[in-house]
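Just below is one structure, and these are the notes that go with it.
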Amino acid sequence: MANASDRGGSVYVSPMAVGPTLKELADISIELNLGLEADDALLEEYQSILNDSVKSMNQLNDLAEPSLPVKYPRTQGYRPRKEDNPHNAWCYRCNIKGTDGGKLSGKSIAIKDSIAIAGIPMTVGFNGLEGFVPDFDATVVTWVLDEGGTILGKSTCEELCCSANSHTSGTGLVTNPFKPGHCAGGSSSGSAVLVAINEVDMAIGGDQGGSVRIPCSWCGLVGLKPTYGLVPYTGAVSGEFVFDHLGPMAKTVKDCALLLEVISGYDNGNDARQPRDLEIQSYSQKLEDIDLASIRIAVLKEGFDHPVSDPEVDNLIHETISGFASSTKAHVQEVSIPLHKSSTSFGSVIGRIGEVDTVLNTAGSGLSHTGYYPSNMMRDVGARLKKNAKDLHPYNKAQLLHGAFLKKKYCYMYGKAQNLMRQLEWDFDHVLAEYDVVAMPTVPFTAPPMVKSDASIKEIVRIGSNIGGNLKSGNLTGHPSITINAGTVGGLPVGLLLTGKKFDELRLLQIAHAFEKFINGTTK
């Protein structure tokens, strides 16, 4: 693909819009309860009005549309052979080299297949999107290349990024590198596996309910969901605008911090999630600049002893925190945030209702916010989604049915859930005013076996709903949240989750680094 660094805008010619038929207007009237469907004369009058509007709208075809830059040349991606992709973690392979030098010089990176790379097919884990190729680079992709990183491909993600397991992708199961036949975690499943098996040094994932932290926990990695808005979401497929996050995934806290330095920052108004006054620090260079005895850890009571918790996992996390405190003289205290227990319940209402419009109707772009809109993606992906929705995984069909039903009959519950989200945010702020981090297990059990092929739809949904009980809070409140490997139970990794103050990623990473050293037996 040719270098397009000088492109400041492009003339994107969409098909000429056509006015509605009388049947289409009648159907809309029925849906909106307007009472027009039985009167053809009235429908024809409204049809004439709408036809005039469509003529005006078609003038957009002659206007140049600003576009995201594509600064580095690349060739077309390719599907890897099965024998070269044993865990099914790659979706497409490529080799895009960034600038010479930079913070990521010599580092290889995988990009989740929900994040656009110009010229590389994008499926978001759904075979029904085959054939769509973005013509722009997501901002994080450009920034990785600006700092000398090499992008080796798109990592497999779960279908429409909706599953916390790793069995819904259109290209097949993504398997856990520690134990064949077990889940890798989702939805950033391939990103985690590729780092774990040393195919790449780092990866970028997306996290709307734990989708970075779950696979990192189950694959023994470090994964960070940054503060809401710290990393621009520009050019990635949205699940629900209020809790979209992109985050770094790596083997060590230092590499995770380094990638965060590169992908954080204000994106010139392209992403309305971002405040303008972002301050980015040299996170990876300041990890040791901390007085260990000054650390204050709040152990969240509601993060343990879930109905699905494995007591061995809970015990390992308690022992890790206690051992760290004894070694460093850090202060530890149990705290309670009762609303944390209900976070998946009201988070699900927000996610399901939001998903209907954001994913199905606007192809992961959303509406009513300022910033960059990928109009060709909205058109092409949206058309493919609607045409091929019948081919969606049963899990996603259940989610869309749920969201559409709630929106039609109980849309006010979205408002109630948003209000509870604010209360949960205040509750975490209250605890974090006194403590540096809130600690708990990332997932209260280790990676389970893959869902059986003959499992009922109800069983598939039930299993998927049990995983993110400790993770949804961070997406809802916007606080930064990191998982690090705390050891293993039965040969499978267990993650320790640390949540910190908003936009204080440095302190959070410093504490995570200190825990990492303690766990690895290198604390001074």
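Nothing in this text is a laboratory measurement; each read-out follows from the coordinates by a stated rule. Values in this document were obtained by computation on a predicted structure and should not be read as measured data. FYI the Cβ positions are ideal-geometry reconstructions off the backbone, even for glycines, and counts take in every protein chain you see.
Too long at a 26 Å Cα-Cα cut-off: which of Lys112/Lys416; Lys107/Lys472; Lys387/Lys408; Lys71/Lys107?
Pairs exceeding the cut-off: Lys112/Lys416; Lys107/Lys472.
Report, ordered by chain and residue number, the aspartates and glutamates lying within cross-link reach of Lys386, taken as a straight Cα distance under 16 Å and ignoring same-chain residues fewer than 8 apart.
Straight-distance partners of Lys386: Glu130, Glu159, Glu355, Asp357.
Each label point is 7 Å from the Cα along the Cα-to-Cβ direction; what then is the distance between the points at Ser375 and Asp52, in nm?
Going from the Ser375 label point to the Asp52 one covers 2.4 nm.
Once the Cα atoms of helix 253-263 and of the chain are each reduced to a long axis, what angle between those two axes, in degrees from 0 to 90 to the nearest 10, is obtained?
The angle comes out at about 30 degrees.
Could you put Met16, Met122, Met378, Met57 in order, starting from the residue whose Cβ has the fewest other Cβ atoms within 10 Å?
Met16, Met57, Met378, Met122
Diagonalise the Cα gyration tensor of region 302-419 and give the resulting equivalent ellipsoid semi-axes, square root of 5 times each eigenvalue, largest first, whole Å.
Taking √(5λ) for each eigenvalue gives 40, 17, 16 Å, largest first.
Can you put Arg213, Arg74 in order, fewest other beta carbons within 10 Å first?
Starting with the residue having the fewest Cβ neighbours, the order is Arg74, Arg213.
Can you figure out the FRET efficiency of His430 with Asp146, using R₀ = 35 Å and their beta-carbon distance, to the nearest 0.05?
0.35
Stretch Ala17-Lys301 to full length: gain in nm at 0.36 nm per residue minus the Cα-Cα span?
Gain in length upon complete extension: 96.6 nm.
Compute the long axis of helix 412-432 from its Cα atoms, compare it with the longest principal axis of the Cα atoms of the chain, and write down the angle in degrees, 0 to 90, nearest 10.
Result, in degrees: 30.
Calculate the FRET efficiency for Ala455 and Ala389 from the Cβ-Cβ distance with a Förster distance of 22 Å, rounded to the nearest 0.05.
So the FRET efficiency works out to roughly 0.50.
In which sequence would Thr75, Thr522, Thr477, Thr175 go, from the one with the fewest C-beta neighbours within 10 Å to the one with the most?
Neighbour counts put them in this order, fewest first: Thr522, Thr75, Thr175, Thr477.
My understanding is that a pair violates if its Cα-Cα distance is over 24 Å; which of Lys154/Lys517; Lys103/Lys225; Lys103/Lys329; Lys407/Lys458; Lys407/Lys502 do that in this structure?
From Lys154/Lys517; Lys103/Lys225; Lys103/Lys329; Lys407/Lys458; Lys407/Lys502, over 24 Å: Lys154/Lys517; Lys103/Lys329; Lys407/Lys502.
So what is the calculated 222 nm ellipticity per residue for the chain, using -39500 (n - 2.57) for each DSSP H run with n of 4 or more, over all residues, to the nearest 500 deg cm²/dmol?
Value at 222 nm, helices only, nearest 500: -10500 deg cm²/dmol.
With Rg and the Kirkwood Rh both taken from Cα atoms, where does Rg over Rh land for the chain?
Across the chain, the Cα-based Rg/Rh ratio is 0.98.
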